[in-house]
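The values are calculated or read from the model by the stated rules, or taken from the named source; none is laboratory data. Computed from a predicted structure; not experimentally measured. Backbone-built Cβ (ideal geometry, glycine too); neighbour counts: all protein chains shown.
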Amino acid sequence: MNGPKERIEFLRREIERHDKLYFNDDSPEISDASFDLLVRELEDLQAAHPEFKSSSSPTDEVAPPPGGRDLQAVVHQTPMLSLDKALTKEEISAFEERLKRFLGPSEPILYHTMPKFDGLAIELVYQDRVLVLASTRGDGRTGENITDNAKTIASIPSKLSDDAPAQRLHIRGEAYMEKDEFLRLNEEREAQGRSVFANPRNAAAGSLRQLDVNITKKRNLNFFAYHLMEPQLADSRTYHELIKSIDRWGLPTEKSTASQGGVGLEQVMSIFEKLQQDRDQLPYEVDGLVITVDELSLWERLGTTSRAPRYAVAAKFKPRATVTRIKSIEVQVGRTGALTPVAIMEPALVGGVTVTQATLHNEEELKRKDVRPGDYVKLQRAGDVIPEVVEVLFDKRPPGLAPFVFPANCPVCGAPSERRAGEVVARCPNRSCPAQIEARLIHFAHKNALDIEGLGQKLAALLLSEELVKQPSDLFKLKLSDLKTLPRFGEKSAQNLLQAIDKARTKSLWRFINALSIRHVGERSSQILAAHFGSLKALSSAAKDQLLALNDIGPEVAQSIIDFFQSPLNQSFISDLTSEQLGVAPTTESVSSSSAISGKRFVLTGTLSTMTRAEAKARIASLGGRVLSAVSKETDYVVAGEAGGSKLAKAAELKIPVIDEKAFLELLTF
């Protein structure tokens, strides 16, 4: 059985993966409640075992980096932090106890309450009352420029009223889609034969990140403002007074009975209970109540952690639930061969969305819940994201229902499944399995791999069914004449795809490693491996002790890498991929153990003029350094670009050296 160290490492990987799916891809795999439980378990384990705590733990970070493809990056002047969560009424009370311990004896604490919107956080910048910039939250520090898209939202004024300050104002709020508009949009997409959005949040996020503003305009988004980053300009003493000023300037604010200022803890509890009971009557989705200290002067005293303010908490609602019937259970095959049971259900409306299937995760979970075809189950979409089967209603189980027998063989290719000791997931070991090939092809082209724009699930399935591609390396053999024969695929589409594939030939080595679908190897591990080994050939022959010597590469990951490259099938694939015929030449940089950067930990803040942040991270990694997301005692240098944020103050507090871009460039070449 795995110990606390292994569990902590597993939870960190899972939380980082789910963070990326939520923030970058707008396609979460698990519910908010399930995610919160993972975070809570990690926090508890780290507290119990501080010897395994890491400065790069996701519990200390704001969010994963933004994954925008073509939208321009925007560095936030002040980070857009997350909120700590309270999952029960007892935890709401505990929030007040923490405040009292921090502030000491004082008058009773009063709060401001506001529904927690299920949309996309954005920042609007007004100069001389005119909207000059709009950006997404991104990773909390760097977002994406969505100014043109934001201007299509009717509730966002291009110009504030005359009584608004003329100075530069940074106003934050939530872009969202109302329930009726969400249903209309999905009905329209379904009629067109297109995929539907999972929930209003995904629809809002996808709409705001469109490159075509006309698409955004058709989506009828809305906006609520909830904060001004320069509260002194509003001459407000309390948060609720600040909200009123923002509303008076022409920016809409939430005005339901759940938005109140100057209330005590007892009233907060009452507001929370009533909103949870009445939330379906609101025209937009909410998944909790934001509870904020109302006295603005206390905010500075309370301060923030590296990821969240101490003066606010998000009290989350219990998940919505309904009852439906399981029609069948199917076992699906993923890109690494994982066999995942999926419940196919009678359509059920949960949180305004019709649900027809839900993951059952793995064989052990399936057996633990004892889900059987024909069962009536309690279904929930916590946070209105991914549906999950909560429990079987055994009192409604029809007599004679047989337990589901998990297949001993892959349901697609028939290969006997395997399950390693200590793992809960059964896998198809056949890398030639058609289901795995399709899933690997889709991942190969993903934006966090080779980033082949235009190659999604439908096109991948079509290329495989037409036998134009049998493995991912075959993409580099495609010709215009091949693609023009595909149904509904014109010459322009074919040329665009070939151009995207051609660009992928020289992508960074870490992208190629990530694209290989090696079990347990994700984006960060790929960057570490690429920086150290410098080529696929060197990595493929690496010994286990060489791998274990690297930061963040544990025994499980090391063994998985060795197993991958020892497979004859994978060796053939790598040989084909790196052959001269395909012209694939990953960009490589070898690690210099004697560089001034080797072994050093860096934090980047602000905008660099000579390179992007991604390029700076890659340069640091290539020289044996490491980039941290937040300033801590373990930081060696803070690199300050233009418009550096609060990290500079933290560096000064901890007496961490701050270097400018010129000094950073000198370090790179030392």
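Please determine, by comparing only the residues of the stretch 212-226 that are of a type in the set (S, T, N, Q) and in contact with a helix residue (DSSP H, G or I) (Cβ under 8 Å, 6 or more places away or on another chain), which one is nearest to P200 (Cα to Cα). Explain how you work it out, then say what you get.
Taking the stretch 212-226 first, the residues of a type in the set (S, T, N, Q) are 214, 216, 220, 222.
Subsequent filtering for residues that are in contact with a helix residue (DSSP H, G or I) (Cβ under 8 Å, 6 or more places away or on another chain) retains 216, 220.
Numbers: T216: 14, N220: 12 Å.
The qualifying residue nearest to P200 (Cα to Cα) is N220.
Among the listed residues D163, D84, D118, D128, which satisfies the condition of being surrounded by fewer than 19 Cβ atoms within 10 Å (Cβ to Cβ), acidic (D, E) and within 22 Å of A258 (Cβ to Cβ)? Reasoning before the result, please.
Values: D163 fails: within 22 Å of A258 (Cβ to Cβ); D118 fails: surrounded by fewer than 19 Cβ atoms within 10 Å (Cβ to Cβ); D128 fails: within 22 Å of A258 (Cβ to Cβ).
Answer to the check: D84.
Residue-wise test of (1) touching a Cys at 6+ places or on another chain (Cβ under 9 Å); (2) modelled with pLDDT under 60; (3) surrounded by fewer than 18 Cβ atoms within 10 Å (Cβ to Cβ).
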| position | (1), (2), (3) |
| --- | --- |
| R7 | no, no, yes |
| H18 | no, no, no |
| P28 | no, yes, no |
| D32 | no, yes, no |
| L37 | no, no, yes |
| E41 | no, no, yes |
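A residue that is more than 30 Å from A415 (Cα to Cα) and not assigned by TED's automatic domain parsing to the domain that holds K89 occurs somewhere in the stretch 354-372.
Within the stretch 49-88, the set of residues being part of a helix (DSSP H, G or I), among the charged types (D, E, K, R) and either modelled with pLDDT of 90 or more or within 19 Å of V603 (Cα to Cα) (or both) comprises D60 only. The number of residues in the stretch 410-438 that are within 26 Å of P555 (Cβ to Cβ) and of a type in the set (A, V, I, L, M, F, W, C) comes to 5.
Put simply, of L242, L221, L282, L183 the only residue that is buried (at least 17 other Cβ atoms within 10 Å of the Cβ), hydrophobic (A, V, I, L, M, F, W, C) and under 30 Å from the mean Cα position of the chain (by Cα) is L221. Condition check for K447 on (1) modelled with pLDDT under 90; (2) more than 24 Å from R524 (Cα to Cα): one failure, at (2).
One residue is enough: does the stretch 440-456 have a residue meeting the conditions of a type in the set (D, E) and either part of a helix (DSSP H, G or I) or under 23 Å from S575 (Cβ atoms) (or both)? Working first, answer last.
So the first thing to find is which residues in the stretch 440-456 are of a type in the set (D, E), and the list is 451, 453.
Filter once more, so that each one left must be either part of a helix (DSSP H, G or I) or under 23 Å from S575 (Cβ atoms) (or both): none.
No, every residue in the stretch 440-456 fails to be of a type in the set (D, E) and either part of a helix (DSSP H, G or I) or under 23 Å from S575 (Cβ atoms) (or both).
Listed here are the helices (runs of 4 or more DSSP H) enclosed by the stretch 487-572 that have at least 2 residues being assigned by TED's automatic domain parsing to the domain that holds E466, at pLDDT 90 or above and surrounded by 19 or more Cβ atoms within 10 Å (Cβ to Cβ): 491-504, 509-515, 555-566. Of the residues in the stretch 415-422, not one is in a helix (DSSP H, G or I) and outside the structural domain of P341 (by TED's automatic domain parsing). In the stretch 431-443, the residues that are β-branched (V, I, T) form Cβ pairs under 7 Å with partners that are crowded, with 22+ Cβ neighbours inside 10 Å and in a helix (DSSP H, G or I), at six or more places apart or across chains, as follows: I442/A460.
Taking the listed residues P373, P411, P399, P429, the one that is over 23 Å from D287 (Cβ atoms), in contact with a Ser or Thr (Cβ under 6 Å, 6 or more places away or on another chain), assigned to a loop (DSSP other than H, G, I, E, B) and of a type outside the set (A, V, I, L, M) is P373, with no other qualifying. Candidates S207, S195, S158: the one that is in the same structural domain as E230 (by TED's automatic domain parsing), of a type in the set (G, A, S) and modelled with pLDDT of 90 or more is S158. Only residues that are assigned to a loop (DSSP other than H, G, I, E, B) and either in contact (Cβ under 8 Å) with a residue 40 or more places away in the chain or under 24 Å from the mean Cα position of the chain (by Cα) (or both) were counted across the stretch 605-620, and they come to 5.
Among the residues of the stretch 167-175, are any at pLDDT 90 or above, surrounded by fewer than 19 Cβ atoms within 10 Å (Cβ to Cβ) and of a type outside the set (K, R)? Scanning the stretch 167-175, I find at least one residue that is at pLDDT 90 or above, surrounded by fewer than 19 Cβ atoms within 10 Å (Cβ to Cβ) and of a type outside the set (K, R), so the answer is yes.
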